[in-house]
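Presented below is the structure to which this report refers.
The values are calculated or read from the model by the stated rules, or taken from the named source; none is laboratory data. Just so it is clear, the model here is predicted, and its values are computed rather than measured. Note: ideal-geometry Cβ built from the backbone for every residue, glycine included; neighbour counts use all protein chains shown. Heads up: the accessible areas ignore ligands, DNA and RNA and are worked out on the full protein's heavy atoms, side chains in. Shrake-Rupley method; radii C 1.70, N 1.55, O 1.52, S 1.80 Å.
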Amino acid sequence: MAVPKSKISKSKTNSRFANWRLSAPGLVRCPQCHELIKSHTVCPKCGYYKGQAVVAPEEDGK
């Protein structure tokens with residue numbers, strides 16, 4: 001069974017996880033309505049994807 005020869009300090013242990021951070025999502029402008037959307041998704045505002053109308057745009061229930 002593998003057993004460490006000496007104690008590993010808390011700073012050494014914690015430094016392994018120091019660079020695990022979230023990155024910002026890749027946002028692009030919709031070519032139709034110029035809203036910021038996630039890339040490779042249908043625009044929720046206008047309903048276009050790759051220049052074609054795919055779904056009807058969402059209506060606000062106000």
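If I stretch the segment between Arg16 and His34 completely, what's the gain in nm (0.36 nm per residue apart, minus their alpha carbon distance), one decimal?
Working: separation 18, 0.36 × 18 = 6.48 nm, distance 4.08 nm.
Value of the extension gain: 2.4 nm.
Dividing the alpha-carbon Rg of the chain by 2.2 N^0.38 Å yields what?
Normalised Rg, Cα atoms only: 2.21.
For the chain, the relative contact order works out to 17 percent when only alpha carbon pairs closer than 8 Å and six or more residues apart are counted. Mind giving me the FRET efficiency for Val55 and Ala24? R0 is 35 Å, r the Cβ-Cβ distance, nearest 0.05 is fine. Efficiency at R0 = 35 Å is approximately 0.85. Helical runs (DSSP H, four residues minimum) scored at -39500 (n - 2.57) apiece and divided by the length of the chain put the mean residue ellipticity at 222 nm at -2000 deg cm²/dmol. On the chain, 56 percent of the accessible area sits on carbon and sulfur atoms, based on a 1.4 Å probe.
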